[in-house]
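The block underneath contains the structure these notes are about, expressed in structure tokens.
None of the figures in this text is laboratory data; all of them are computed from the coordinates on show. If you're wondering where the values come from, they're calculated on a predicted model, not measured in any experiment. Cβ coordinates were reconstructed from backbone atoms using ideal geometry, including for glycine residues, and neighbour counts include every protein chain displayed.
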Amino acid sequence: MMIRRRKFMTLLAGAAMWPVAARAQQPQSPVIGFLNPFSPDGQTDRLRGFRQGLADAGYVEGVNLASEYRWAEGHLGRLPTLAAELVHRRVVLIAVTGGPTPAFAAKGATATIPIIFTVGDDPVRLGLVASLARPGGNVTGINFFANELAAKRLELLRELVPSATRIAVLVNPAEATNTESTLKDVDSAANAMGLQIKKLNASTSREINETFANFARERPDAIFIGPDAFFTARRVQLAILAAFHRLPVIYPLRPFTEAGGLMSYGSDIVDAYRQVGSYAGRILKGATPADLPVVRASKFELVINAETARTLGLAVPPSLLARADEVIE
């Protein structure tokens with residue numbers, strides 16, 4: 001009887017230990033990193049797109065995937081430290097959004113962990129990848145044409161404000177490569193359209209304020225905002241100043257018009273984030289960045305803020321309204 005009891009207790013103890021052992025043998029969910037120069041505020045739709053791309057590949061946060069998010073809160077100097085934190089965390093890949101600055105921060109932190117970026121300029125010209133078809137190294141990503149649409153933006157601006165001939169172009173000198181590309185594309189398009197271009201620099205919030213204050217002395221007919229992560233972070237300030245000075249402005253991305261800006265034309269950023277998530281899923285399944293070509297965004301959107309147009313006393317042509325992907329009332 002005693003022998004049977006010992007045998008029973010041994011079996012019972014083994015049964016009690018089995019769930020612990022089984023859990024220990026289950027593979028841990030992979031951990032991915034996410035690096036962005038802004039704050040999470042206003043990023044809901046973009047993150048939804050990113051997670052949709054992951055989900056399409058079979059990965060769901062909290063189920064079979066864990067994510068480490070790092071936000072620079074507008075302090076670009078923090079990006080190298082945040083990238084190093086993700087490397088130290090031993091993430092299996094880093095999704096980098098918000099332009100070339102965070103992409104270079106991640107690239108400087110690791111030469112082995114896969115990196116997936118979103119940039120508006122040519123990533124080959126920037127030096128992020130060797131070529132679009134075969135990026136090489138540990139970096140690939142999405143190019144969403146922020147700079148290359150300069151001519152189209154000027155055409156739309158001229159259509160909305162036919163009398164405009166003097167256009168102020170606001171660029172960020174702190175992003176030299178991005179600024180050079182923007183001005184080159186704008187100058188070429190402006191010459192073809194007979195427009196006069198004046199370059200204006202701003203790399204701080206104070207400089208943005210000073211630039212608009214100077215418009216009281218030399219007022220342009222309209223403003224072209226260059227594609228830049230800093231300007232995106234200051235989109236509310238830009239929209240408020242444009243409304244105060246009653247100046248028509250065209251912006252590179254939807255978030256500007258959602259913040260009260262007049263009009264934007266550019267790539268569908270939510271879809272670009274979805275593509276980042278999709279590439280992350282492919283890498284999680286074994287693909288390497290060197291063999292994943294840089295994706296060039298194919299979805300573009302024209303967004304018009306009709307309320308802002310009315311405030312400025314602008315009548316938006318019906319032909320422009322008909323082509324708009326969204327009209328904000």
Gyration tensor verdict on segment 166-217 (Cα atoms; rounded if a/c is under 1.5, prolate if a/b is larger than b/c, oblate otherwise):
oblate
With DSSP loop assignment and no more than 12 other C-beta atoms within 10 Å, the trypsin sites (Lys or Arg not before Pro) in segment 254-300 are 285
Consider the candidate values (i) 32.7, 108; (ii) 19.2, 62; (iii) 24.7, 104; state which one is Rg and Dmax of the Cα atoms in Å computed from the structure displayed.
(iii)
I need the peptides 69-77, 135-143 ranked by packing, meaning the mean over residues of other C-beta atoms within 10 angstrom, with the highest value on top.
135-143, 69-77
Note to self, the chain gives a 222 nm [θ] from helices alone (DSSP H runs n ≥ 4, -39500 (n - 2.57) apiece, / all residues, nearest 500) of -13500 deg cm²/dmol
Fewest-first ordering of 81, 179 by Cβ atoms within 10 Å yields 81, 179
If you find the alpha carbon centre of segment 226-247 and of segment 183-208, how far apart are they in angstrom?
15
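Quickly rank 154-165, 120-131, 197-208 as a protection proxy: mean count of other C-beta atoms within 10 Å, highest first. Don't skip to the answer; put the middle values down first.
Details: 154-165: 17.3, 120-131: 19.1, 197-208: 15.4.
Sorting 154-165, 120-131, 197-208 by mean packing, highest first, produces 120-131, 154-165, 197-208.
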Taking N as the residue count of segment 252-305, its alpha carbon Rg divided by 2.2 N^0.38 Å gives 1.46
What shape does segment 22-101 take by its C-alpha gyration tensor, where a ≥ b ≥ c are the square roots of the eigenvalues and a/c under 1.5 counts as rounded, a/b above b/c as prolate, and the rest as oblate?
oblate
